[in-house]
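Have a look at the structure below, then the notes.
The values are calculated or read from the model by the stated rules, or taken from the named source; none is laboratory data. Here the structure is a predicted model, which is why all the values come from computation and not from measurement. All Cβ positions, even for glycine, are placed from backbone atoms using ideal geometry, and neighbour counts span all protein chains on display.
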Amino acid sequence: MLSKRLVVCLDVRHGKLAKSIKFVGTKDIGEPVAKARQYYEDGVDELIFYDITASRENRDIMIEFVEQAASQIFIPFSVGGGIRSVKDATKLRNAGAEKVNVNTFAVKRPELISEIADAIGSQSAILSMDVRRVNPAKDIPSGYEIVINGGTTPTGVDALGWAKKGEKLGAGELVINSIDADGTKDGYELRLTRMIADAVGIPVVASGGAGKPEHLYDVLTRGHADAALVASIVHYGEYTCRQLKEYLNNRGIKMRMSY
């Protein structure tokens, strides 16, 4: 059985580590490079960095942060925000990112996924999906809609259909960001995660809602996720990465216990 992964998300706004609840009320809470180093030293399996306003502001990602972080951490490092082209993806890879997350511009131009996968490999081409619950409709039968531009623009795209399409286009992994659960600490959106994980053959990272170790256990078992992403509970010092991994390991979840 493959090991499950603990992933920490670093949302960055104008160079500062930021956190929101349901994608609104964003607050600056620290220095992202220092936090990246802290989590690396504490045994996290992977880090994801999102430049959360790059797409909305129609600008390039903050490459200097990527370079600074990559020089201090030696684990898989995934980067997203405002990526429009193979050139953008290659620039991030050269700056030290192992994986590249596409989101808004992939929805606008789906062939971007294939272009990046062909250029840097499917294992490094990650489709990040910001998802909100809606009433099921003809165009959104799953009851989950893709929202772009940092959670501000509904698309009318069905999340389940988009996940399947992303896999066909060459994405090597999916990150499922539940807007409804984001920052609430009430638990992951298990139905959403399980629905997508059961429909695709690539790894699924569950994001949004972690408030206690039990929530990670739930999403890795009942939610069928391959990895659990956390943010608030480690950013605010409620738990360490080490404590979360030890809890999961002690409950029978195979984790990479390298310390």
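Annotations for the structure displayed:
- Once the stretch 147-165 is narrowed to residues that are out of contact with any helix residue (DSSP H, G or I) (no Cβ under 7 Å at 6 or more places or on another chain), in a strand (DSSP E or B) and not aliphatic (A, V, I, L, M), the residue that is farthest from T193 (Cα to Cα) is T153.
- Picking from residues in the stretch 120-173 that are hydroxyl-bearing (S, T, Y) and within 16 Å of N103 (Cβ to Cβ), the one that is modelled with the lowest pLDDT is T152.
- Boolean, D186 is surrounded by fewer than 16 Cβ atoms within 10 Å (Cβ to Cβ), among the acidic types (D, E) and over 23 Å from I126 (Cα atoms): yes
- Only one of R84, R93, R59 that is modelled with pLDDT under 90, farther than 17 Å from C9 by Cα and either out of contact with any helix residue (DSSP H, G or I) (no Cβ under 9 Å at 6 or more places or on another chain) or of a type in the set (D, E, K, R) (or both): R59
- Helices (runs of 4 or more DSSP H) lying entirely in the stretch 203-259 (those with 1 or more residues that are of a type in the set (V, I, T), out of contact with any Asp or Glu (no Cβ under 7 Å at 6 or more places or on another chain) and farther than 16 Å from G187 by Cβ): 232-235
- Residue selected from the stretch 178-192 under the condition in contact with a Ser or Thr (Cβ under 8 Å, 6 or more places away or on another chain) and modelled with pLDDT of 95 or more, by the criterion nearest to V44 (Cα to Cα): Y188
- Matching residues in the stretch 240-255 - criterion: being touching a Ser or Thr at 6+ places or on another chain (Cβ under 8 Å) and under 9 Å from Y217 (Cα atoms): I253
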